[in-house]
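Undergrad: If you scroll down you'll find the structure; I have some questions about it.
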Amino acid sequence: MKKNFLSELKVDNSFFVYNDYELKDDLFFSDSDMWAITFEGYAPIKVIPLTEDLPIKDFFIKSPIYGENVNGQIERIEPQNDQKKYKIKAAFLVASKTITNSLGSKEYFKDLLFPDKEWSHEYKLDKFGKTLYTELAKMDFSNFTNLIYFCKTWGLPTGVTLSVLENKKPVNDINIIWMSLNDFYIKLHEYQRIFSYFNALMTNNYSKLPTNPKKGEHIKVHSSRMLQKEMKEKSVFSFRIDGQTPFSVFTDLFEAAYFYLNLSIENNAQMRICENCGHLFEVAHQRQRFCSVLPGRRRSSCEMAYNNRLKKEKKEKGEN
């Protein structure tokens, strides 16, 4: 590993993951007496009123609506297709129990103080960051089911944190409780576009590049130039100094993913293609054949899927 600022930086961030997430439309935030509640494990740790003077509220009320069409694909609902049929419409993805107008309800208050299950848990980014940046690139977010599945593993990728609600500086523990779908898809498409250059260089497959080379420019040179150009703009993030040691201060998963992608590029990290899903992953050990273990799992999901498929194929051949 090269010794530079990136390699010396300590990643001390924890990300909160809630046990469930709900799709909401824009009217949800226009109610009066709305409250934001953040949880740590079983317990609520903060109760914050969503007042009219909250600087982010107008932005979120006006957030565009997205719909999942009859083919199961998410698209932004523009004025010209407002009459089109959709299975689900939403503007936000919200961590369950965190936004409410029922704080005064005895039933809700009882459930809040005496929960029957854990509402949130944490994972350390320094343990899973080298998995995050490839997972965010490979995941198919074209339907709401896949999006919610990802969030139940990694947490909301971007959105409103506890620090934002309290108008304080970002802290190490990233607790995102609601997310604008429009903000997410803008950031996602940009990240996956940039990652496509990296993927092309690592796999020597240039068939899906979002741009074309200049006249006379080799496709590999073009990919390298575009990746370098794009990553210069995405190499900005906050950090704090504790003694003589720099510590990262990320505000969402996208900032963390760009950091780990940049770290991989700088260190010429070894990459392989997963034998199950066919996507790129960063090698953690030389015998690794599948994507790395995800937060909250004991084994690689791709490895288990691969083994289960082999067992099924062997069983079918035996029956025949």
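The values are calculated or read from the model by the stated rules, or taken from the named source; none is laboratory data. As the structure is a computational prediction, the values presented were derived from the model and not from experiment. Neighbour counts are summed over all protein chains in view; Cβ atoms, including those assigned to glycine, are modelled from backbone coordinates with ideal geometry.
Undergrad: Pick from the range 173-195 the residues that are part of a helix (DSSP H, G or I) and touching a Gly at 6+ places or on another chain (Cβ under 8 Å): which of them is nearest to Tyr133 (Cα to Cα)?
TA: Phe184
Undergrad: Could you give me the residue pairs with C-beta distances under 6 Å whose first residue belongs to the range 123-137 and is over 18 Å from Ser301 (Cβ atoms), whose second residue is outside any helix (DSSP H, G or I) wherever it lies, and which are 6+ apart or on separate chains?
TA: Lys124/Ser14; Leu125/Val11; Leu125/Asn13; Asp126/Val11
Results for (1) touching a Phe, Trp or Tyr at 6+ places or on another chain (Cβ under 7 Å); (2) of a type outside the set (S, T, N, Q); (3) more than 29 Å from Ser120 (Cα to Cα), shown as yes or no for each residue.
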| site | (1), (2), (3) |
| --- | --- |
| Leu165 | no, yes, no |
| Lys168 | no, yes, no |
| Ile177 | no, yes, no |
| Ser180 | yes, no, no |
| Ser196 | no, no, yes |
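Undergrad: OK, next. Which members of the range 280-320 meet the condition of being outside any helix (DSSP H, G or I), crowded, with 17+ Cβ neighbours inside 10 Å and of a type in the set (D, E, K, R)?
TA: Glu282
Undergrad: Do we have Ser248 as crowded, with 19+ Cβ neighbours inside 10 Å, of a type in the set (S, T, N, Q) and closer than 30 Å to Val171 by Cβ here?
TA: In short, yes.
Undergrad: Here is a follow-up. Please count how many residues of the range 277-300 are without any contact (Cβ under 8 Å) to a residue 24 or more places away in the chain and touching a Cys at 6+ places or on another chain (Cβ under 7 Å).
TA: Residues in the range 277-300 being without any contact (Cβ under 8 Å) to a residue 24 or more places away in the chain and touching a Cys at 6+ places or on another chain (Cβ under 7 Å): 2 in total.
Undergrad: Can I ask one more? Given the options Leu156, Leu93, name the one that is modelled with pLDDT of 80 or more, touching a Gly at 6+ places or on another chain (Cβ under 9 Å), buried (at least 19 other Cβ atoms within 10 Å of the Cβ) and within 15 Å of Tyr185 (Cα to Cα).
TA: Only one candidate passes the filter, namely Leu93.
Undergrad: Got at least one residue in the range 201-220 being more than 30 Å from Arg309 (Cα to Cα), surrounded by 17 or more Cβ atoms within 10 Å (Cβ to Cβ) and of a type in the set (Gly, Ala, Ser)?
TA: Within the range 201-220 (the criterion being more than 30 Å from Arg309 (Cα to Cα), surrounded by 17 or more Cβ atoms within 10 Å (Cβ to Cβ) and of a type in the set (Gly, Ala, Ser)), the answer is no, since none of the residues qualifies.
Undergrad: Right, here's the next one. Considering only the range 220-245, state which residues are within 18 Å of Gln192 (Cα to Cα) and touching a residue at least 40 places away in the same chain (Cβ under 8 Å).
TA: Across the range 220-245, the qualifying residue is only Lys234.
Undergrad: Separate question: Taking the condition modelled with pLDDT of 90 or more and either touching a strand residue (DSSP E or B) at 6+ places or on another chain (Cβ under 7 Å) or under 16 Å from Val47 (Cβ atoms) (or both), does Ile88 pass?
TA: Judged against the criteria, Ile88 is a match.
Undergrad: While we're on this one: Using beta carbons and a limit of 9 Å, which pairs, at least six apart or on different chains, have the first residue in the range 1-28 and on the phi < 0 side of the Ramachandran plot and modelled with pLDDT of 80 or more and the second one surrounded by fewer than 16 Cβ atoms within 10 Å (Cβ to Cβ) and of a type in the set (Ser, Thr, Tyr)?
TA: Lys10/Thr245; Tyr18/Ser96; Asn19/Ser96; Asp20/Ser96; Tyr21/Ser96; Glu22/Ser96
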